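Here is the structure we will look at.
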Amino acid sequence: MIPDYYSNHYKQYHDKTFYVDSAGYLLPFAENLEPGAHVLDIGCGSGRDLLWLSKKGFRATGFEGSSGLAALARQNTGCKVIEGDFETFDFSTLQAEALLLAGALLHLPHERVKPALGNILHALRTETEAIIYLSLKEGSGAFTDAHNRPFYLWQDKDVRCVLHSTGLKVINFSRTPSVLGTGETWIGYVLKKKGLK
């Protein structure tokens, strides 16, 4: 389940995050995509990254747990946005060629990330190579912020263990400070998943 904050304060979340420039972390991801690739943006929020991807000529579909944010994403981008819980949703019918998980998994306890990621990977076409972007907050342990949102922090070596166990290969790694000036550090991975060919 998503924290209540995203259902009850979606407009505030939109105002705080929508105008952040996506290029810094999306360019290394986009450079590895085929022109016009179908990208599924998991936890798309109010559509910031969907809009960026659409403007770059990719076919972008959103996936969001908050009805309020999903509605804003549709309004902001004109893209299709699916509402659901990524831990239980049946992704097998979507046939995407790439996945974007920018901060999507940071509210999940560590032990639930591998199963959730495994479920989400069912959205990918099995016969072709796929590209995935994943970002998490760096650190140790967990904390709950002033909005009662739990955040689970990660070390690079632990992320790589999860990625290796799900058959994903790291092709680009980044460590960047939060553009919101919070003093936090994001670790980002561009990943490749081989197809069955």
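A few points about this structure:
- Cross-chain or 6+ apart pairs with Cβ under 9 Å, segment 45-71 first and under 20 Å from ASN119 (Cα atoms), then aliphatic (A, V, I, L, M) and part of a loop (DSSP other than H, G, I, E, B): THR61/LEU94; PHE63/LEU94; PHE63/ALA104; GLU64/ILE2; GLY65/MET1; GLY65/ILE2; SER66/ILE2
- Test for ALA96: is it small (Gly, Ala, Ser), modelled with pLDDT of 95 or more and either in contact with a Ser or Thr (Cβ under 9 Å, 6 or more places away or on another chain) or under 12 Å from PHE86 (Cα atoms) (or both): yes
- In segment 1-19, the condition of being at pLDDT 95 or above and in contact with a strand residue (DSSP E or B) (Cβ under 9 Å, 6 or more places away or on another chain) is met by no residue.
- Evaluation of ILE131 against (1) more than 19 Å from ILE171 (Cα to Cα); (2) not in a loop (DSSP other than H, G, I, E, B) (one fails), failing number: (1)
- Within segment 87-116, tally of residues that are over 20 Å from LEU53 (Cβ atoms) and in a helix (DSSP H, G or I): 9
- Qualifying residue in segment 135-142 (condition: touching a helix residue (DSSP H, G or I) at 6+ places or on another chain (Cβ under 9 Å) and under 23 Å from ALA60 (Cβ atoms)): yes
Yes or no, residue by residue, for (1) over 17 Å from the mean Cα position of the chain (by Cα); (2) touching a residue at least 12 places away in the same chain (Cβ under 8 Å); (3) closer than 21 Å to SER22 by Cα:
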| position | (1), (2), (3) |
| --- | --- |
| PHE143 | yes, no, no |
| HIS147 | yes, yes, no |
| LEU153 | no, yes, no |
| ASP158 | yes, yes, no |
| CYS161 | yes, no, no |
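- Note on segment 117-128: residues that are of a type in the set (S, T, N, Q) and assigned to a loop (DSSP other than H, G, I, E, B) total 2.
- Single residue of segment 143-163 satisfying the filter (in a loop (DSSP other than H, G, I, E, B) and touching a helix residue (DSSP H, G or I) at 6+ places or on another chain (Cβ under 7 Å)) that is surrounded by the most Cβ atoms within 10 Å (Cβ to Cβ): ARG149
- Out of ILE187, ILE171, one residue alone is surrounded by fewer than 19 Cβ atoms within 10 Å (Cβ to Cβ), over 12 Å from the mean Cα position of the chain (by Cα) and not in a helix (DSSP H, G or I). It is ILE171.
- Segment 128-140, subset surrounded by fewer than 16 Cβ atoms within 10 Å (Cβ to Cβ) and more than 16 Å from VAL39 (Cα to Cα), residue nearest to the chain's Cα centre (by Cα): GLY139
- Residue under evaluation THR166, criteria (1) closer than 24 Å to GLN95 by Cβ; (2) modelled with pLDDT of 95 or more; (3) surrounded by 14 or more Cβ atoms within 10 Å (Cβ to Cβ), criterion not met: (2)
- Scanning segment 22-64 for residues that are in a loop (DSSP other than H, G, I, E, B), in contact with an Asp or Glu (Cβ under 6 Å, 6 or more places away or on another chain) and within 19 Å of LEU136 (Cα to Cα) yields a count of 2.
- Options LYS137, LYS169; residue that is in contact with a strand residue (DSSP E or B) (Cβ under 7 Å, 6 or more places away or on another chain), of a type in the set (Lys, Arg) and under 18 Å from GLY45 (Cα atoms): LYS137
The values are calculated or read from the model by the stated rules, or taken from the named source; none is laboratory data. As the structure is a prediction and not an experimental result, all values here were calculated from the model. Reconstructed Cβ throughout: ideal geometry from the backbone, glycine too, with neighbour counts over all protein chains shown.
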